[in-house]
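Notes to accompany the following structure.
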Amino acid sequence: MMNESFRWIPALVAGAFALNAVAQNAFPDKPIRLVIGFGAGGPTDLPGRFIADKVGNALGQRIVVENKAGAGGQLATQDILSRPRDGYSLLLCTHFESINAAVYKKVAYKLSDIAPISQISRYYYGIAATNEIPAQTWDAFLPYAKANPGKLNYGMIGVGSAQQILALEVGKMTGISMTGIPYKGGPEVLNDLISGRIQLYVSPTLAVMPQFKAGKLRMLAVSSPERMSVAPEVPTLVEKGLPFVRFGWLGICAANGTPPAIISLLNRHITATVRMPEYRDMIEKAGSIPLSSTPEELAKILTETYEQTVKISQEFGLQLD
C-alpha cells in the first residue's frame, strides 16, 4: 500500500505538466521584441529580420525588430537583461557578447546571464582592401605593406572588436605593421575603405561581399578552411601558408531565467526557419553558412569564443576598463 504522505506527488507532477503546457500554449499573447546591437541594413540586421518575420508568423504574433547600436553590442545586451525574463525580449546574439565579456574588465553582464536559444548562421572573414592601393592580390599586398610600415590604416568597430583582434593576429603572423582606426559601425568603415581613406578592413564576408562583387573593393583572402563557393577566385589564408581559420556567428538568445518551455518552443521555430530555402539562399549568397543549433551547442560556442578572446586580449594587451 502506498504511503499516505506520498499520495499527492502524482497529482502535483501532473499539475506541473499541465501548467507548463498552458504556459507554453499561451506564449506568445503579445508582440515579441528582437533587439539587434548594430545598425539597420547591416550583416546582422538582415538575417535577424528574416528570422523575426518567419518565426513571428509561425507563432501568430509579431516579432518587432529594434536596432540598439552602440558599445559593440553591449547596449542591446543590457537592454534585454533589464527586461522581465519571460521570452518577450530576445537578443540577436553574436560573438561580441563573448568578446565584450573577455575584453572589458567592468562589463555589465556575465555570459551566464545569457540564455542561448539557437545559432542562425556562421560566417568567415574577408581581408578587404581599397582599390586605391597598387597591390591587387594577397601576394602583392604583403611586400607592399612591409615596404610601408605603420602607414596603412585598417578599420575596426571599436577597440577590442573582432576586426581589430583579427587584424592584429594577421599582422603578427605576417610581420606587417598597420594602424587601427576605430569606427562606430561597419557602413562607416566601408565608406572610407571604398574612398581610399583607409586601406584595409578585416570584415565578415557578408558585409563586404556585395561591394567586392560590384568591383568597389578588393578581397585579398578569406579566413575559411576552403575557398568559398560565392567567391572561388579569392584564396584562403591557409593556402597562403598561414594557419588562420576564424569564423563568427549569429544566434538568437534570451536572458537567463526565461522558462525552458519557451526556449524550446523558440528553438523549434528558429530551426525550422533556418532550413527554409529562401533563408539558406540569402545567407549563402552573402558568403555565410545557414546553421541552427541546440541551446547547449550555442552555449558551448559562446564559452569557446570567450576563452579564445581572453587569450588573445592578454597577448595584445587589449583588456579595457
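The values are calculated or read from the model by the stated rules, or taken from the named source; none is laboratory data. Note that the structure is predicted; figures quoted are calculated from it, not measured. Please note: Cβ atoms are built from the backbone with ideal geometry, for glycine as well, and neighbour counts cover all protein chains shown.
Is it true that LEU318 is in a strand (DSSP E or B), out of contact with any Asp or Glu (no Cβ under 8 Å at 6 or more places or on another chain) and either modelled with pLDDT under 90 or not β-branched (Val, Ile, Thr) (or both)? Give the steps one after another, and end with the answer.
Details: in a strand (DSSP E or B): no; out of contact with any Asp or Glu (no Cβ under 8 Å at 6 or more places or on another chain): yes; either modelled with pLDDT under 90 or not β-branched (Val, Ile, Thr) (or both): yes.
Answer is no for this residue.
Return the residue satisfying two criteria in turn: it lies in the range 265-277 and is free of Cβ contacts under 8 Å to residues at least 60 places away in the same chain and assigned to a helix (DSSP H, G or I), and of such residues it is surrounded by the most Cβ atoms within 10 Å (Cβ to Cβ). Among them, the one singled out is ARG268.
Matching residues to (1) charged (D, E, K, R); (2) in contact with a helix residue (DSSP H, G or I) (Cβ under 7 Å, 6 or more places away or on another chain):
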| position | (1), (2) |
| --- | --- |
| LEU166 | no, no |
| VAL170 | no, no |
| THR179 | no, no |
| LYS184 | yes, no |
| ILE194 | no, yes |
| SER203 | no, yes |
| LEU206 | no, no |
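Does GLY251 satisfy the criteria of being farther than 20 Å from ASP113 by Cβ and crowded, with 22+ Cβ neighbours inside 10 Å?
Working: farther than 20 Å from ASP113 by Cβ: no; crowded, with 22+ Cβ neighbours inside 10 Å: yes.
So GLY251 does not fit the description; no.
Restricting attention to the range 66-88 and to residues that are small (Gly, Ala, Ser) and not in a loop (DSSP other than H, G, I, E, B), the residue that is nearest to GLN164 (Cα to Cα) turns out to be GLY72. Of all the listed residues (MET178, MET209), the sole one being farther than 21 Å from GLY317 by Cβ and not charged (D, E, K, R) is MET209. Looking only at the range 134-162, filter to residues that are among the polar types (S, T, N, Q) and either touching a residue at least 40 places away in the same chain (Cβ under 8 Å) or outside the structural domain of ARG197 (by TED's automatic domain parsing) (or both); which one of those is nearest to LEU237 (Cα to Cα)? Going through the qualifying residues, I end up with THR137.
Can you say whether ALA76 is buried (at least 24 other Cβ atoms within 10 Å of the Cβ) and over 22 Å from ARG275 (Cα atoms), as far as the supplied structure shows? Lay out the reasoning, then the answer.
Details: buried (at least 24 other Cβ atoms within 10 Å of the Cβ): yes; over 22 Å from ARG275 (Cα atoms): yes.
Yes.
When the residues of the range 117-161 are filtered to those that are out of contact with any Asp or Glu (no Cβ under 8 Å at 6 or more places or on another chain), modelled with pLDDT of 95 or more and under 30 Å from ILE262 (Cα atoms), the one that is surrounded by the most Cβ atoms within 10 Å (Cβ to Cβ) is ILE117. Counting residues in the range 90-113 that are free of Cβ contacts under 8 Å to residues at least 24 places away in the same chain, among the basic types (Lys, Arg) and out of contact with any Gly (no Cβ under 7 Å at 6 or more places or on another chain) gives one or more.
Can you work out which of the residues in the range 211-231 that are exposed (fewer than 15 other Cβ atoms within 10 Å of the Cβ) and not polar (S, T, N, Q) is farthest from ASP139 (Cα to Cα)? Out of the qualifying residues, it is ALA214.
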